[in-house]
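FYI, it's all coordinate maths here, none of it is from the lab. Computed from a predicted model, the values in this text were never measured in an experiment. Here Cβ is always computed from backbone atoms with ideal geometry, including for glycine, and neighbour counts include all displayed protein chains.
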Amino acid sequence: MKNRLFTFLLLVCSSQLFFAQKVTVKKDLVSVDETPVFTLVSTSYPDAYTLYNLKNEKLAYFFAQFYSDPRQINNANPQGKVSYFDITFFNEAMDKCEIRIVGFKKHLAELIISEGLVKEGKLDEAAVKQFCRINGTKFSEDRKMRGRPLLLRINKKSGDHYPLKKNGA
């Protein structure tokens, strides 16, 4: 049993090493295994990135949005700050979706590559549709819901905040 588990883990690890792609970002140029793939331009850092193919055709726009949500307040996030990218893909359908901000430019580039959003200098329509279906617009929907008054119960000992349910409980 131990030998089978060890063999399985060895296979998984070696396949990860074999298929691992090295993503680099130099200035705005994103390369995979030293082959340029696309550019990711900081248009108003840190608030937006524009994704271009190597022919300088605009493929997508990642616009950072921020808001405070009392339900997100905790010791690590005392203002309840929520930050996300509102993404517009410049394809025929002008698909839109939202994702949590993933960190630095390199992390965003790695996400674009791992999701297969760009293939041969163009948006992969199927990958974009799937990406948008999976991620949706949950942050915008949450902000709309926040337009209504939100009553909170505060735990005096821990300082945690909990939204009250509709019946006030």
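Observations
- Under a model in which nothing but the beta-carbon of Lys, Arg (+1) and Asp, Glu (-1) is charged, region 22-163 shows a dipole of about 740 debye around its Cα centre.
- Each residue of region 105-122 was assigned a 3J(HN,Hα) from its phi angle through the Karplus expression (A = 6.51, B = -1.76, C = 1.60, θ = phi - 60°), giving 3, 4, 5, 5, 4, 4, 5, 4, 5, 5, 7, x, 6, 10, 10, 6, x, 10 Hz with x at Gly and Pro.
- The label point for THR88 and the one for ASP124, both projected 7 Å from the Cα toward the Cβ, are 2.5 nm apart.
- Working value for region 22-163: equivalent-ellipsoid semi-axes of 34, 17, 12 Å, each the square root of 5 times a Cα gyration tensor eigenvalue, largest first.
- Net +/- balance of residues flanking GLN65 in space, Cβ distance below 10 Å, scoring K and R +1, D and E -1: -2
- Set LYS22/LYS55; LYS81/LYS105; LYS55/LYS81 screened for pairs whose C-alpha atoms are more than 32 Å apart: LYS55/LYS81
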